[in-house]
Amino acid sequence: MPIKSRIRTVPHYPHQGIMFRDITTLLKDPVGLRTTINEIASRYKSIRIDKVAGIESRGFIVGSPVAYELGTGFVPIRKRGKLPVETVGRDYQLEYGVDRIEMHVDAIQKGERVLLVDDLIATGGTAEAAVKLIEDMGGIVVECCFVIDLPDIGGRARLEKHGHKVFALCEFEGD
């Protein structure tokens, strides 16, 4: 069952010229959702993973069941101000400004092996900030895993340039 065929493309969202890749069609499909989680989890079954970290918000949807399948804990990486206790954070550049992601100070222990999960890699700015945040806490990023890669935008290359392994279930070129 090709994952890519279950992902909807929404033209001109959120801006003119953008081809938005919508995974809600994949998530609502029980076979598509199960296949997505199983394919990701099976890739890491034989690798030591201590935690799965998911980037807000679709990374939570994919990352939590992957963590469950792998028998690990799950760490949410959230936007500024969303977590209830003491946090650490990382700023990252947006097209028109700066944003910040955060996690709890006790989320990752030094030396823990972390799988970073999100739905999509585009420019790689958020993923790069998440990797740095995990490393700031002493975690070791085993791999950055995405449902979708948009290779022409350069996020994968950006992460790989810094020595990080990247995996995606499917690619949409030209967007």
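Values in this text are rule-based calculations from the coordinates and carry no lab data. Computed from a predicted model, the values in this text were never measured in an experiment. Here the Cβ is made from the backbone with ideal geometry for all residues, glycine too, and neighbour counts use every protein chain on show.
Numbers below:
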quantity	calculated
Beta bridges by DSSP in the chain, antiparallel share as percent, to the nearest 5	40 percent
Members of Lys82/Lys165; Lys28/Lys51; Lys110/Lys161; Lys4/Lys82; Lys4/Lys28 lying beyond 21 Å, as alpha-carbon distances in this model show	Lys82/Lys165; Lys28/Lys51; Lys110/Lys161; Lys4/Lys82
Packing-based ranking, highest mean first, of 61-74, 98-111 given that Cβ atoms within 10 Å are counted	61-74, 98-111
Integer Hz, Karplus 6.51/-1.76/1.60 couplings in order for region 142-157, x for Gly and Pro	6, 6, 9, 10, 9, 6, 10, 10, 9, x, 6, 8, x, x, 4, 4
Helix-only mean residue ellipticity at 222 nm for the chain, each DSSP H run of n ≥ 4 adding -39500 (n - 2.57), per residue, nearest 500	-9000 deg cm²/dmol
Distance in nm between pseudo-label sites at Glu95 and Thr24 (7 Å out along the Cβ direction from Cα)	2.0 nm
Phi-based couplings in Hz for region 30-35 (Karplus 6.51, -1.76, 1.60; Gly and Pro marked x)	x, 6, x, 5, 4, 5
Sorted by Cβ density within 10 Å, fewest first, the residues Thr123, Thr24	Thr24, Thr123
For region 3-45: rounded, prolate or oblate by the Cα gyration tensor [a/c cutoff 1.5]	prolate
Tensor-based shape of region 112-175 (alpha-carbon gyration tensor, a/c under 1.5 rounded, otherwise prolate or oblate)	prolate
